[in-house]
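Read-outs: derived from the displayed coordinates by stated rules, not from any lab. Only a predicted model underlies this, so the values are computations on that prediction, with no experimental measurement involved. For neighbour counting, all protein chains shown are included, and Cβ atoms are generated from backbone atoms with ideal geometry for every residue, glycine included.
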Amino acid sequence: MHIPLRHFEDYIDETILRRGLSYFKNGQVHEPDEIRTGEYEAIVEGTDDYTVKMTIKNGAITEHVCSCPFDMGPVCKHVVAVIFCLQQDELELKPKKVLAKPGAPKKAKKRKTIAEQVDELLEKTEHDELKKFVREQAALNVSFRNLLLSSFAPHNSDESQGFYEKQLKSILRSAKDRNGFIDRSDARYVENAVANLLETAKKHIDHRNFKSAVFISTAIMEQMVGALQYADDSNGDIGGAIYAACEMIYTIASSQPSEDIRILIIEYALSAVAQKIYSGWDWHVDMLRIAAKLLKTEEEIERLYKELDKELSSGYVRDEAQSIKYEVIVKTKGEKEAGDFLESNISNPNLRRKAIQLALAHENYSKAVSIAKGGVEYDKKDKPGLVKEWYDWLLKIAQTQGEREKIIDYARRLFIDDFRQEQDYYPILKQHVAPDNWIVFVEKIIQDLAAKDRWYAKEQIAGIFIKEGWTDRLLELVCKSPGLHTIGQYETYLSGKYTAEVVDLYVNALLDYMKTNVGRNHYKEACRYLRRIIKLGAREKANEVISFFRTEYRNRKALMEELNNV
């Protein structure tokens, strides 16, 4: 899971946090090395010395791994100790002592990075010594051996998809429990191991070693799809690896590969579809799309058509298969035959969309309108989301033609239905409704929204009040649903003119919130809003609430601890 550095405490179990902080404060964390930009490595002293590796991007921890045996949750205390070490200035923490790595020189000059140390060793080490070391490590360390073999696969005459499948089977085997199941934490181990192979495949692509990249990617896809049957992938680690591998194959297919690579990929894609390796998953459609991208011969086209024609039973796959077939017809038979196919399958939303775009490109606006209205009629019973999209197309056509009344009609409908597409409908309405009629027009929209009584209607009405500067009405609306989230959502717009009222709303909402919510996460949430009250300049009010909580809920130990942090 990604862990934002500024709020890491909210993402980690309280017990683990406490133990990690203790490790840091006791000086058990060696100074972390930044191996590469955003990649850190540190030793943490525990029962043994454990190595923690961590990647930080855009203010969040994106990867973390520890050599300790902990498997009871996503984050161990050693990782947390390193986080506290990296955040010590921000948190104003100090360890009892700062441990240097054994043998490290006393701080006289800037320490070399790990990369610099490696470069220096490689320069000074004899070639035969390195070869001996590599052989020994390959014999002792399976992970190192797999990385070595996959990284230099183009020099291996035995390279094949099966070569990488053996590595992946070994990874999956080591992750299974005694019942043959891979739990969520072990799925993360699998994802990390597969990530190394994916990184190797990416390097092969960068060097146009496409065959190796294809073998790695197809092996990952097949083995990971199989693993989904006996793994907890609630974090999406395994599925994410499959998507990444599929994306690599598509990247290769899009990069004008040589004929042997083209044939390798298209044969794999068509065979995978015929054998239904990815049936029931989006990757099945991806294989069809990849094959379509690489078609050249009549035989290949016929093979693809045969597979596409088998996909006419279910909605989503049928629509995607027809869309792929259309693109193939455009590519191989020309626009006229493609146009006929489009017309005969216009109920497919992908193809209807394409037909509208083509009509607009040819400035055939009446045809574009007819196709869009046909979509409204066809989908009005079962697919309201698509109906909104067809109205959005009607709006775009009206805008192109400058038809003011239609623009107002369609934009009003889409605004009230809260359709969130490419355009903001409110300013479109304001631009086209006569200024003298605007207030009356807006009041009628508010009435229609209120009558709908849908979850999003209040937010839309609040948005109107904000846009029009009607803060008194916004306050009245918030007072009708004075939950903490709602107050916080509109605090910025109200606090200037109605600070005292906002503070009172917060106080009452906090008192209600604490009556029905128990647990540290809820207490943290309450304290977050207490800090908001303080920022609004109402420290005394916040203190009154804190005092009340300390008396009323004195037996809630976690609450008392969180109140100490306000």
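With the simple spin-label model, which puts each label point 7 Å out from Cα in the Cβ direction, the K203 to K124 separation comes to 2.4 nm. Across the range 3-15, rounded Karplus estimates of 3J(HN,Hα) from the backbone phi angles (6.51 cos²θ - 1.76 cosθ + 1.60, θ = phi - 60°) give 10, x, 4, 5, 10, 4, 4, 6, 10, 10, 4, 4, 5 Hz, Gly and Pro being marked x. The distance between label points at A60 and R6 comes to 1.3 nm (points 7 Å beyond Cα on the Cα→Cβ vector). Translational diffusion coefficient of the range 484-563 at 20 °C, 1.002 mPa s, Stokes-Einstein with Kirkwood Rh over Cα pairs, in µm²/s as a whole number. Calculated translational D: 169 µm²/s.
Annotation: the residues L304, L86, sorted from fewest to most other C-beta atoms within 10 Å of their own C-beta, follow the order L86, L304.
Label zone (D183, point 7 Å along Cα-to-C-beta; backbone nitrogen cut-off 19 Å) within the range 1-37: 1, 12-17. For the range 293-376, lysine pairs with C-alpha atoms less than 14 angstrom apart, excluding pairs fewer than eight positions apart on the same chain, total 9.
Footprinting exposure proxy ranking of I397, I220, fewest other C-beta atoms within 10 angstrom first, gives I397, I220. For a modelled paramagnetic label at Y456, 7 Å from Cα along Cα-to-Cβ, the residues of the range 402-439 in reach, with backbone nitrogen under 20 Å, are 408-430. Here the extension length gained between E299 and D49 equals 83.9 nm, from 0.36 nm per residue of separation less the Cα-Cα distance. Restricting attention to the range 484-563, the count of lysine pairs at 8 or more positions apart or across chains with alpha carbons under 17 Å apart stands at 5. Shape annotation for the chain: C-alpha extents along the principal axes are 84, 81, 49 Å, from largest to smallest.
Legend: calculated FRET efficiency, D260 to T492, from the Cβ-Cβ distance at R0 = 45 Å, rounded to 0.05, equals 0.15. Computing FRET efficiency as 1/(1 + (r/R0)^6) for R539 and E31, where r is the C-beta to C-beta distance and R0 is 41 Å, gives about 0.55. For the range 346-468, dividing the convex hull volume of the Cα atoms by the residue count gives 106 Å³ per residue. Per-residue extension of 0.36 nm, minus the Cα-Cα distance of Y316 and Y553, leaves a gain of 80.0 nm for this segment.
Summarising the label geometry, the points placed 7 Å from Cα in the beta-carbon direction at F70 and W438 lie 5.8 nm from one another.
Contact order for the chain, expressed relative to its length and based on alpha carbon pairs under 8 Å spaced 6+ residues apart, stands at 6 percent.
Cα centroid separation, the range 305-319 to the range 447-501: 48 Å. Take the alpha-carbon centre of the range 505-562, take the same for the range 212-233, and report the distance between them in whole Å. After rounding, the separation between the Cα centres reads 49 Å. Pair-distance distribution P(r) for the range 3-100, from all Cα-Cα distances in 10 Å bins starting at 0: 17, 56, 27, 0 percent.
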